[in-house]
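The structure appears right after this line, and notes come after that.
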Amino acid sequence: MPVIDLHTHSLCSDGALSPDALVRRAAAAGVHVLALTDHDAITGLPEAAATAAEVGLRLLPGLELSTMWRGLSVHIVGLGIDTAHAGLLEGLDRQANARGERAERIAARLEKLRLAGAWEGALALAGNVPNRISRTHFSQWLLAQGHVSSLQGAFDKYLGNGKPADVAMPWVELPEAVALIRNAGGTAVLAHPGRYSLTRTKLRLLITAFCEAGGEAMEVATATEKPDMVRYLGQLAGDNGLEASQGSDFHGPHMPWIQLGRFPALPAGCRPVWRRWFSDTDFPEQLPLLQG
Ligand code: AMP
Ligand code: MN
Ligand code: MN
Ligand code: MN
């Protein structure tokens, strides 16, 4: 089977590698098809496409939209988007401004907790682009300053749900995010459904809402998911008529437990979303195996 990784980040959001370095690392790891899916940003795609053409890797233009559903932050991946679509660009502008404003409020909360320099620290880690600042950057700054002993600790103590520097999320509502992606010719994929700490009942409600909004696929195989959960997500995808996606959610070599192209296989019976763009004959080195 070709190696297809449909969820990755570069330093155009909260990843550690440039788009160029990410694509080279993916090619070296044996990835045939890569989607770059930065949070609320498509700015890395031209550079990624240029490198992909050079190294012979197929790049699928993507993004990961931050959305709200019933007051909860839910991520929607968009695959195969038209990056010049006016409506999408306008929506991304709004998301970027919201991200910058939220970052200011998070920094103010941290400063109030006598964590001086939070704004400057996070801003520097985000390449001095205010509208790119993620909670990831705050967590990296908190760790570097010795205020916490791990990135997870920064979320547990300050940045996570209900913690002192948790600021209301200003993102688009889930149905609008799905529309932004679909209107730009993309396919909407519910990202890492197992990571929202939902009861099975609430997870089913989320998937129903996503389907009603026009969602087309959900991530089934992701790097951090246990085999039982992968099986369950595959079943939920089938039950709801959704195609199945797969990806690492790679953020950089500093998180070595997540590697490009490495995640469980899709369970049997899933309809892989990547068949919208590629067929097995696109990967000639696989032909003898398929024929055998
Ligand atoms: P934001 O988009 O600014 O809300 O930041 C969310 C990002 O923070 C996610 O995409 C993850 O990369 C990262 N993140 C979320 N929760 C954790 C956690 N518990 N530990 C480490 N990183 C996290
Ligand atoms: Mn992230
Ligand atoms: Mn996500
Ligand atoms: Mn992601």
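The values are calculated or read from the model by the stated rules, or taken from the named source; none is laboratory data. Because the structure is a prediction, the values reported are computed rather than measured. FYI the Cβ positions are ideal-geometry reconstructions off the backbone, even for glycines, and counts take in every protein chain you see. Note: areas computed on protein heavy atoms with side chains; ligands, DNA, RNA excluded. Shrake-Rupley method; radii C 1.70, N 1.55, O 1.52, S 1.80 Å.
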Subject >> Filtered residues of the range 34-89 (kept if in contact with a Ser or Thr (Cβ under 6 Å, 6 or more places away or on another chain), charged (D, E, K, R) and part of a loop (DSSP other than H, G, I, E, B)) >> reply: ASP38, ASP40
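Per-residue answers, yes or no, for (1) away from ligand 4 (no atom under 15 Å from the Cβ); (2) charged (D, E, K, R); (3) not assigned by TED's automatic domain parsing to the domain that holds LEU174:
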site	(1), (2), (3)
LEU34	no, no, no
ASP38	no, yes, no
ILE42	no, no, no
ALA53	yes, no, no
Original post:
What do you reckon, is LYS202 away from ligand 1 (no atom under 16 Å from the Cβ), more than 19 Å from the chain's Cα centre (by Cα) and among the basic types (Lys, Arg)?
Top reply: yes
Original post:
Residues in the range 98-144 that are away from ligand 1 (no atom under 12 Å from the Cβ), of a type in the set (Gly, Ala, Ser) and open to solvent by 10 Å² or more (accessible area, probe 1.4 Å): how many?
Top reply: 7
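If I filter the range 22-33 down to residues being open to solvent by less than 50 Å² (accessible area, probe 1.4 Å) and either of a type in the set (D, E, K, R) or farther than 11 Å from HIS9 by Cα (or both), which single residue comes out as nearest to ligand 2 (Cβ to nearest atom)? Quick ask: steps written out before the conclusion?
Start the filter on the range 22-33 by keeping residues that are open to solvent by less than 50 Å² (accessible area, probe 1.4 Å), which leaves 22-23, 26-27, 30-33.
Keeping just the survivors that are either of a type in the set (D, E, K, R) or farther than 11 Å from HIS9 by Cα (or both) gives 26-27, 30-33.
Details: ALA26: 17, ALA27: 22, GLY30: 24, VAL31: 19, HIS32: 24, VAL33: 21 Å.
Ranking the qualifying residues of the range 22-33, first place goes to ALA26.
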**OP:** Evaluate the following for PRO164: is it more than 16 Å from ligand 4 (Cβ to nearest atom) and at pLDDT 95 or above?
**Re:** yes
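Among the helices (runs of 4 or more DSSP H) confined wholly to the range 111-208, which include 3 or more residues that are closer than 18 Å to VAL74 by Cα?
174-183
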Subject >> Inter-residue pairs, beta-carbon under 8 Å, first among the small types (Gly, Ala, Ser) and in the range 40-58, second within 16 Å of ligand 4 (Cβ to nearest atom) and open to solvent by 20 Å² or more (accessible area, probe 1.4 Å), 6+ apart >> reply: ALA41/ARG132; GLY44/LEU11; ALA49/PRO61
**OP:** Answer yes or no: is there a residue in the range 68-89 that is hydroxyl-bearing (Ser, Thr, Tyr) and more than 28 Å from GLY214 (Cα to Cα).
**Re:** no
Original post:
Out of (1) open to solvent by 50 Å² or more (accessible area, probe 1.4 Å); (2) of a type in the set (Asp, Glu); (3) closer than 28 Å to ALA213 by Cβ, the odd one out for ASP14 is which?
Top reply: (1)
**OP:** Find the residue count for the range 1-27, including only residues that are outside any loop (DSSP other than H, G, I, E, B) and in contact (Cβ under 8 Å) with a residue 24 or more places away in the chain.
**Re:** 11
**OP:** Among the residues of the range 251-292, write down those that are modelled with pLDDT under 95, in a helix (DSSP H, G or I) and out of contact with any Leu (no Cβ under 8 Å at 6 or more places or on another chain).
**Re:** ASP282, PRO284, GLU285, GLN286, LEU287, PRO288, LEU289, LEU290, GLN291
Original post:
What pairs come up if the first residue lies in the range 144-173 and is on the phi < 0 side of the Ramachandran plot and charged (D, E, K, R), the second is within 12 Å of ligand 1 (Cβ to nearest atom) and assigned to a loop (DSSP other than H, G, I, E, B), and their beta carbons are under 6 Å apart, counting only those six or more places apart or on different chains?
Top reply: LYS157/VAL148
